[in-house]
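The structure under discussion appears below in the form of structure tokens.
The values are calculated or read from the model by the stated rules, or taken from the named source; none is laboratory data. Here the structure is a predicted model, which is why all the values come from computation and not from measurement. Don't worry about glycine lacking a Cβ; one is built from the backbone with ideal geometry, like all the others, and counts go over all protein chains shown.
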């Protein structure tokens with residue numbers, strides 16, 4: 001993202017949020033879409049990430065935001081560090097909802113926990129819907145079988 005589109009708008013936004021931040025001058029996450037997932041390119045991917053990005057993350061304070069807007073960059077950070085990179089929109093959300101402070105832990109911890117709760121809630125709703133659909137299908141099958149049985153009995157009585 002940074003190499004192709006520049007970071008001027010993101011930098012302006014982070015300044016406006018009043019954050020103390022650093023945009024790395026060099027270094028790339030090394031993932032580049034699916035590039036880093038390909039077995040023959042994995043080592044190159046890791047070396048790229050180790051050039052600047054990963055050492056900077058390792059040196060970052062635990063309350064520092066790690067911001068990466070690209071999915072590939074976020075995945076590389078997730079897999080190679082003990083941190084989770086946030087999209088700039090998540091940082092804005094954090095500022096709107098948690099402006100009073102971090103209350104311990106990393107900035108992304110609350111966002112990850114909230115995402116996990118949303119996934120859990122979605123799974124419960126999906127399970128409930130599937131159970132309801134199964135009950136409805138069973139009731140329809142029973143009604144159809146009962147109707148067929150009644151029709152067969154009526155035909156046998158007429159004979």
Inset, instruction - Report yes if some residue within region 66-73 is part of a helix (DSSP H, G or I), within 17 Å of residue 21 (Cβ to Cβ) and touching a strand residue (DSSP E or B) at 6+ places or on another chain (Cβ under 7 Å); otherwise report no. - result: no
Inset, instruction - Give me the pairs, please: first residue somewhere in region 111-129 and on the phi < 0 side of the Ramachandran plot and surrounded by 10 or more Cβ atoms within 10 Å (Cβ to Cβ), second residue anywhere and modelled with pLDDT of 85 or more and not in a helix (DSSP H, G or I), beta-carbon distance under 9 Å, and either six or more positions apart or on two chains. - result: 111/84; 111/86; 112/84
Inset, instruction - Could you tell me which numbered condition residue 136 fails, if it satisfies all but one of (1) surrounded by 10 or more Cβ atoms within 10 Å (Cβ to Cβ); (2) at pLDDT below 80? - result: (2)
Inset, instruction - State which residue pairs qualify: first residue on the phi > 0 side of the Ramachandran plot and loosely packed, with under 13 Cβ neighbours inside 10 Å and inside region 27-56, second residue assigned to a helix (DSSP H, G or I) and at pLDDT 70 or above in any location, beta carbons under 7 Å apart, and separation of 6 or more residues or different chains. - result: 33/72
Legend entry - Residue list for region 84-98, filter: exposed (fewer than 14 other Cβ atoms within 10 Å of the Cβ) and either outside any helix (DSSP H, G or I) or touching a helix residue (DSSP H, G or I) at 6+ places or on another chain (Cβ under 7 Å) (or both): 98
